[in-house]
1. Which of the residues spanning segment 143-174 are under 14 Å from residue 120 (Cα atoms) and surrounded by fewer than 17 Cβ atoms within 10 Å (Cβ to Cβ)?
2. Among 96, 127, 111, which is in a loop (DSSP other than H, G, I, E, B), on the phi > 0 side of the Ramachandran plot, surrounded by fewer than 20 Cβ atoms within 10 Å (Cβ to Cβ) and of a type outside the set (Ser, Thr, Tyr)?
3. Checking the condition more than 24 Å from residue 121 (Cβ to Cβ), part of a helix (DSSP H, G or I), touching a residue at least 24 places away in the same chain (Cβ under 8 Å) and hydrophobic (A, V, I, L, M, F, W, C), which residue from 34, 21 passes?
4. Return the pair list, or none, for Cβ contacts closer than 7 Å from residues in segment 64-77 that are more than 13 Å from residue 39 (Cβ to Cβ) to residues that are assigned to a loop (DSSP other than H, G, I, E, B) and among the aliphatic types (A, V, I, L, M), at least 6 apart or on different chains.
5. Within segment 130-149, can you find the residues that are in a loop (DSSP other than H, G, I, E, B) and farther than 19 Å from residue 6 by Cα?
6. Considering only segment 41-51, I want to know if a residue exists there that is surrounded by 15 or more Cβ atoms within 10 Å (Cβ to Cβ), modelled with pLDDT of 95 or more and of a type in the set (A, V, I, L, M, F, W, C).
Amino acid sequence: MDEVVRVRGVEIRPGYLDQAAQEALVGEVRAVVAAAPLFSPMTPYGKPMRVRMTSAGRYGWFSDRSGYRYLDLHPSGVPWPEIPPVALSVWEEIVGKERVPDCCLVNFYDGEARMGMHQDRDEAAFGWPVVSISLGDDALFRIGNLERGGRTESVWLRSGDVAVLGGTARLLHHGIDRVRAGSSQLLPKGGRLNLTLRVVD
């Protein structure tokens, strides 16, 4: 779809992936998870994150008591698998082929999972956008400011939607307030998958 909704500079493309593409991407994510299983990172503050995650690409995002960073290998020691082709095609269609993303972070939200307000700033440069793909249950996406705090705006992301944080929106604080359990039948056991593609180096 060609529709673009802009919220504070974040570009949201509703229904960008049709049902067939969503199903194909879910199958590709299953292969990623089989090779590099989901895990629950520890925050630097000593609390486990509510979402479970894994990654694909050259690097994978990780967090523990030492802080937030990218790793060359899955915590188990195995290499990260290749970025799912459907996700990569979304990046190429929206961003172009000049630069391939280094990481595709895969977050799984069950009905109780949340993601607090944060910035994606563990990369070396911010000239490339973060491209986010939603699959499964609806999620309430909150968009804030460059500085923590202040007024925010929220929008529901649905299965197949793509959000792009680039330009002046690249470092906006954002998070997921809640997931509307049972709002999608894409994942047989429910829940939400969020894939974020980013350039790391």
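The values are calculated or read from the model by the stated rules, or taken from the named source; none is laboratory data. All of these numbers come straight from a predicted model, not from anything done at the bench. Cβ placement follows ideal geometry from the backbone for every residue including glycine, while neighbour counts extend to all protein chains displayed.
1. As a first pass, look at segment 143-174 and keep what is under 14 Å from residue 120 (Cα atoms): 143-148, 163-174.
Of everything in segment 143-174, those that are under 14 Å from residue 120 (Cα atoms) and surrounded by fewer than 17 Cβ atoms within 10 Å (Cβ to Cβ) turn out to be 145, 146, 147, 148, 167, 168, 171.
2. Numbers: 127 fails: on the phi > 0 side of the Ramachandran plot; 111 fails: on the phi > 0 side of the Ramachandran plot.
None of the other options fit; the residue is 96.
3. Values: 34 fails: touching a residue at least 24 places away in the same chain (Cβ under 8 Å).
It is 21.
4. Going by the 7 Å Cβ cut-off, the qualifying pairs are 70/200.
5. Of all residues in segment 130-149, those in a loop (DSSP other than H, G, I, E, B) come to 137, 144-149.
Matches in segment 130-149: 137, 147, 148, 149.
6. Yes, some residue in segment 41-51 is surrounded by 15 or more Cβ atoms within 10 Å (Cβ to Cβ), modelled with pLDDT of 95 or more and of a type in the set (A, V, I, L, M, F, W, C).
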